[in-house]
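Visitor: Pasting a structure below so you can have a look.
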Amino acid sequence: MYGNDFTAPQADGQDAVREGHEDFWRVVESDGRIEPRDEMPEDYRASLVRQIAQHAHSEIIGMQPEGEWISRAPSLRRKAILMAKVQDEAGHGLYLYAAAETLGVDRAELLDKLHSGKQKYSSIFNYPTLTWADIGTIGWLVDGAAIVNQVPLCRCSYGPYARAMIRVCKEESFHQRQGFEALYTLSHGTPEQKAMAQDAVDRWWWPSLMMFGPHDAESTHSEKSMAWGVKRFSNDELRQRFVDMTVPQAEALGLTLPDPDLRWNEERGHYDFGEIDFTELFEVIKGNGPCNQQRMARRRAAHEDGTWAREAAVAYAEKAQQHGRRTAVA
Amino acid sequence: MPDRRDWPLFEVFVRSRRGLSHAHVGSLHAPDAQMALRNARDVYTRRQEGVSLWVVEAAAITASSPEEKDAFFDPAGDKIYRHPTFYDIPEGVEHL
């Protein structure tokens, strides 16, 4: 799904250090790719570890709000689709943990940091999925915003991250379309179903816009990420792109987006939209969102409850090895 | 009992269809190669991306070193006569 790479405002105005690392800068400035064992600035490596880990964490936490609806999906078709989607999120998490590991960290260590709260996941998953319409809306808006953010990452300067994102983006387009279709079915159903769809869109619209992060002027990591070729477009550019592509889709759904200031600006060639309440975003990042505690408790419990499966896998492997040895002797 | 931290890393290679060679697609941890194969099937071929899978323990791969890449690959750099475009062919001569 999506990992937003931003934190609440803090003092961190450093530019990317350009001294030394000639090979690195030559590759980055010629739009080449840095590969795992290449020499690279330490803050490039550390910043990528943080971003990729946060992205990976978001994928696996993102399984929760949707997983809650698997047992309540309205048909076998929708249930099969939702299971496939949630399984994809687990896969995305794995691609990304594997990409992070190429930078010299261990997946177990990253999971520890998630469980202890030292590393974050996208704050979008701290909102609840109250009705079935939320599942369609997440696919349409949240995955839609994720795609806008992630497509440029397919060309980011770190090879393993870029390659992981190519796989992720291919799979995300199914996520977005299934969401749109589910929502379209509701918005063209009974008046109650349409109202349910509208309610979900009303609740998810602003959090989806916040997924692009703070305005460019307040974005803490942007400048360095741009210089390193990790980030290709600014938060505000990507947000505008998302709004422009989403408004006509909302019209096709017959649903309204909850913003009285949303209108086409002929002069700019873009949609204008209202002011985003970022104080809410930063509160959610700090841990005060509606579901922060629930998501973390569920994640830790899932990890602990899975201990027996990991132990069983090891026992099975040991047994198979012993058995193999015995057959080899005989 | 070794915990998850001791699970080796496996690199995963997929043959996307008959006639093509296996290509590297990513990696995963598993307690042994059989389990790595099963997990690789679930992670890397959920949409029929492959007809054959290899898993190789990452520790078993010997790689050239990025620091020595100049000395290692440079000897090929000045041998442009290994490419067909090096040679001048008179106009009108075909199938060469």
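We did not get these values from a lab; they are worked out from the coordinates using the rules stated. All figures in this text were calculated on a predicted structure; none of them were measured in a lab. Backbone-built Cβ (ideal geometry, glycine too); neighbour counts: all protein chains shown.
Visitor: Test A:Lys118 against the criterion of being more than 14 Å from chain B (Cβ to nearest Cβ) and either free of Cβ contacts under 8 Å to residues at least 12 places away in the same chain or in contact with a Leu (Cβ under 9 Å, 6 or more places away or on another chain) (or both), and give yes or no. Walk me through how you get there before you give the answer.
Guide: Details: more than 14 Å from chain B (Cβ to nearest Cβ): yes; either free of Cβ contacts under 8 Å to residues at least 12 places away in the same chain or in contact with a Leu (Cβ under 9 Å, 6 or more places away or on another chain) (or both): yes.
Taking the combined requirement at face value, the residue satisfies it.
Visitor: Can you find, within region A:188-224, the residue that is farthest from A:Pro258 (Cα to Cα) among those that are of a type in the set (Gly, Ala, Ser) and surrounded by fewer than 22 Cβ atoms within 10 Å (Cβ to Cβ)?
Guide: Filtering region A:188-224 for residues of a type in the set (Gly, Ala, Ser) gives A:189, A:195, A:197, A:200, A:208, A:213, A:217, A:219, A:222.
Now narrow it down to the ones that are surrounded by fewer than 22 Cβ atoms within 10 Å (Cβ to Cβ): A:189, A:195, A:217, A:219, A:222.
Details: A:Gly189: 21, A:Ala195: 13, A:Ala217: 25, A:Ser219: 25, A:Ser222: 29 Å.
Only one residue tops the list, namely A:Ser222.
Visitor: Mind counting the residues in region A:48-81 that are more than 14 Å from chain B (Cβ to nearest Cβ), under 19 Å from A:Met211 (Cα atoms), in a helix (DSSP H, G or I) and of a type outside the set (Val, Ile, Thr)? Don't jump to the end; show me each part of the working.
Guide: Residues of region A:48-81 that are more than 14 Å from chain B (Cβ to nearest Cβ), as a first pass: A:48-51, A:53-55, A:57-58, A:61-79.
Remaining after also requiring under 19 Å from A:Met211 (Cα atoms): A:48, A:50-51, A:53-55, A:57-58, A:61-66.
Next cut, in a helix (DSSP H, G or I) only: A:48, A:50-51, A:53-55, A:57-58, A:61, A:63-66.
Applying the additional criterion that residues be of a type outside the set (Val, Ile, Thr) yields A:48, A:50-51, A:53-55, A:57-58, A:63-66.
The qualifying residues number 12.
Visitor: Among the residues of region A:30-38, are any more than 13 Å from chain B (Cβ to nearest Cβ) and surrounded by 19 or more Cβ atoms within 10 Å (Cβ to Cβ)?
Guide: There is no residue in region A:30-38 that is more than 13 Å from chain B (Cβ to nearest Cβ) and surrounded by 19 or more Cβ atoms within 10 Å (Cβ to Cβ).
Visitor: Among the residues of region A:171-180, which ones are surrounded by fewer than 20 Cβ atoms within 10 Å (Cβ to Cβ) and without any contact (Cβ under 8 Å) to a residue 40 or more places away in the chain?
Guide: A:Ser173, A:Arg177
Visitor: Looking at region A:215-330, what helices (runs of 4 or more DSSP H) fall wholly within it and have at least 2 residues that are within 14 Å of chain B (Cβ to nearest Cβ)?
Guide: Working: elements: A:222-227, A:235-253, A:278-283, A:292-305, A:307-329.
Output list reads A:292-305, A:307-329.
Visitor: What are the residues in region A:244-260 that are among the aliphatic types (A, V, I, L, M) and free of Cβ contacts under 8 Å to residues at least 40 places away in the same chain, if any? Reasoning before the result, please.
Guide: Quick first cut of region A:244-260, residues among the aliphatic types (A, V, I, L, M) only: A:245, A:247, A:250, A:252-253, A:255, A:257.
Matches in region A:244-260: A:Val247 only.
Visitor: For region A:139-170, what are the residues that are buried (at least 21 other Cβ atoms within 10 Å of the Cβ), away from chain B (no Cβ under 12 Å) and β-branched (Val, Ile, Thr)?
Guide: A:Val142, A:Val148, listed by residue number.
Visitor: Being without any contact (Cβ under 8 Å) to a residue 40 or more places away in the chain and among the basic types (Lys, Arg) narrows it down to one of A:Arg298, A:Arg263, so name that one.
Guide: That would be A:Arg263, the only listed residue that is without any contact (Cβ under 8 Å) to a residue 40 or more places away in the chain and among the basic types (Lys, Arg).
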